[in-house]
Amino acid sequence: MATLTFDTLRQQVRGDVITKDDEGYEKARAVYNAMIDKHPSVVVRAANAGDVIAGVNFAREGRLDLAIRAGSHSVPGFGTCDGGVVIDLIRMRGVRVNPEKRTARAEGGATWGDFNSATYPFGLATTGGIISTTGVSGLTLGGGIGYLARGFGLSLDNLLSADVVTADGKFLIANEKENEDLFWAIRGGGGNFGVLTSLEFRVHPVKDIYGGPMFYELKHIGDVMRFYRDYIKDAPEEMGCFPAFQIAPPLPFIPENRHGDTFVAMVACWAGPLDKGEKALKPFHDVAPVVAEFVGPMPYPALNSAFDGLVPPGLQHYWKANFVKELTDEAIQAHIEHGPKIPAVNSTMHIYPINGACHRVASDATAFGHRDANFATVIAGMWPDPAQNSANIKWVRDYYDATAPLSEEGGYINFAADDDQKRAPANFGKNYSRLVDVKRKYDPDNLFHVNQNIKP
């Protein structure tokens with residue numbers, strides 16, 4: 001590609017235009033998953049929506065692959081591509097809170113850490129992810145499962161409006177009154193329809209919560225999971241919690257002689273009155289002896305960032321996921337067999353509850369196609385050493401092969417791997433055909449295809 005073409009792009013962009021000849025290219029092309037090693041022709045670090053429009057037009061007119069990067073947490077590495085254009089929103093991270101209207105507007109590159117730090121002083125929050133370095137826009141486009149989902153719904157259920165740059169380079173506002181079909185599609189349809197440069201959310205009165213992680217001996221896996229299955233059906237919606245497998249990191253609250261041991265864990269987030277927190281968590285202490293815990297009152301952003309240190313950029317990632325309607329005894333037995341084999345302190349398995357407020361949204365009200373599921377399971381393989389890729393990927397696949405037949409056909413698209421493309425119709429669920437119709441309208445040439453793709 002001629003240098004003049006890139007020079008023309010630079011004239012149109014307020015932010016950074018980084019090509020292979022530029023000093024910062026190696027850093028600019030890197031993504032969160034170190035297993036992904038791709039070389040785009042240009043990275044556009046957009047400073048505003050106009051820069052995004054310029055990048056989209058450049059890719060479309062040049063018939064180049066286009067990847068959109070916000071938090072960069074995409075396990076399949078959808079935030080980059082070979083030989084194409086990457087629009088990186090890292091410079092667009094502002095968050096503005098309106099405490100009177102209880103809304104917050106985040107730019108497209110904001111992380112949940114950015115969002116929470118802005119809303120916390122006002123005693124407000126909305127459903128975000130489990131890791132604070134996750135991008136707001138990417139999480140929301142796919143659903144948005146987090147600690148507050150049972151009380152307030154998914155992240156996308158709290159989305160009020162979005163600014164979207166579409167494949168033709170147009171800037172559209174999508175909400176319940178403008179471009180309603182686009183607004184419906186971006187709430188669960190992933191990055192198939194455009195680039196979100198701004199997102200406005202409904203926020204709720206949440207400031208300090210009561211909760212944290214609790215560790216149990218592996219011999220209690222069955223007890224913990226059966227308790228969780230029965231408890232969460234009608235638990236107070238202020239309670240967000242999930243079971244996990246975790247190799248104990250060297251943290252002060254864990255006995256030193258247990259560092260490196262594998263446990264079954266429960267992570268709880270009571271978002272109701274703090275003085276009721278200890279009582280709310282009592283069932284978790286009654287189910288089995290707790291070996292170690294870091295439980296108590298804390299700022300909600302502290303819990304949302306508590307596990308960031310286990311998943312820094314540069315790890316190898318391979319994940320698998322399925323939605324689950326019923327956590328059967330047979331499924332629990334599969335978890336008992338495979339969960340304790342987690343290969344690294346960074347790896348884990350979580351079973352997130354998506355009942356409560358998530359179930360009060362009609363199945364066709366948004367594009368999220370799995371409102372009838374009660375759980376979202378993820379087998380998250382993460383480790384630092386690429387020499388372990390083969391063995392650790394096998395752990396994920398073996399675990400998945402044992403649990404998938406006991407789950408729904410589809411899985412949460414934000415947890416999907418790069419070899420899950422064939423599962424796209426099942427992952428998007430019962431709204432897939434309608435998503436195809438919206439895709440044909442807004443992106444008929446499939447410019448936005450570096451994602452869990454909906455083919456027009």
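Among (1) in contact (Cβ under 8 Å) with a residue 60 or more places away in the chain; (2) surrounded by 24 or more Cβ atoms within 10 Å (Cβ to Cβ); (3) in contact with a strand residue (DSSP E or B) (Cβ under 9 Å, 6 or more places away or on another chain), there is one condition Ser198 misses while meeting the rest; what is its number?
(2)
Cβ-Cβ below 9 Å, separation at least six or inter-chain, first residue in the range 162-181 and in contact (Cβ under 8 Å) with a residue 60 or more places away in the chain and closer than 14 Å to Leu199 by Cβ, second of a type in the set (Phe, Trp, Tyr) and surrounded by 14 or more Cβ atoms within 10 Å (Cβ to Cβ): which pairs?
Going by the 9 Å Cβ cut-off, the qualifying pairs are Asp163/Phe171; Val165/Phe171.
Out of all the residues in the range 243-263, is one or more buried (at least 17 other Cβ atoms within 10 Å of the Cβ) and within 28 Å of Leu124 (Cβ to Cβ)?
Yes.
Being surrounded by fewer than 19 Cβ atoms within 10 Å (Cβ to Cβ), over 17 Å from Asn453 (Cβ atoms) and in the same structural domain as Tyr32 (by TED's automatic domain parsing) narrows it down to one of Gly55, Gly62, so name that one.
Result: Gly62 is the single residue among Gly55, Gly62 that is surrounded by fewer than 19 Cβ atoms within 10 Å (Cβ to Cβ), over 17 Å from Asn453 (Cβ atoms) and in the same structural domain as Tyr32 (by TED's automatic domain parsing).
Of the residues in the range 216-241, how many are part of a strand (DSSP E or B) and either in contact with a Cys (Cβ under 9 Å, 6 or more places away or on another chain) or modelled with pLDDT under 95 (or both)?
Number satisfying all stated conditions: 3.
Just to be sure before I move on: is Thr348 crowded, with 18+ Cβ neighbours inside 10 Å and either at pLDDT below 95 or of a type in the set (S, T, N, Q) (or both) in the structure I sent? Step through it out loud before you land on a result.
Values: crowded, with 18+ Cβ neighbours inside 10 Å: yes; either at pLDDT below 95 or of a type in the set (S, T, N, Q) (or both): yes.
Yes: the conditions hold for Thr348.
Looking at the range 164-204, which of the residues that are in a helix (DSSP H, G or I) and more than 22 Å from the chain's Cα centre (by Cα) is farthest from Ala118 (Cα to Cα)?
This residue is Asp181.
Within the range 121-150, which residues are touching a strand residue (DSSP E or B) at 6+ places or on another chain (Cβ under 7 Å), surrounded by fewer than 24 Cβ atoms within 10 Å (Cβ to Cβ) and not β-branched (Val, Ile, Thr)?
Of everything in the range 121-150, those that are touching a strand residue (DSSP E or B) at 6+ places or on another chain (Cβ under 7 Å), surrounded by fewer than 24 Cβ atoms within 10 Å (Cβ to Cβ) and not β-branched (Val, Ile, Thr) turn out to be Phe122, Gly123, Leu124, Ser132.
Could we say that His73 is touching a residue at least 12 places away in the same chain (Cβ under 8 Å) and under 24 Å from Leu435 (Cβ atoms) here?
yes
Scan the range 182-195 residue by residue and report those that are more than 15 Å from His449 (Cα to Cα), touching a residue at least 60 places away in the same chain (Cβ under 8 Å) and not aliphatic (A, V, I, L, M).
Residues satisfying the conditions are Trp184, Arg187, Gly188.
The values are calculated or read from the model by the stated rules, or taken from the named source; none is laboratory data. Since we're looking at a predicted model, the values are computed, not measured. A quick note on method: Cβ atoms are made from the backbone with ideal geometry, for glycine too, and the neighbour counts reach across all protein chains shown.
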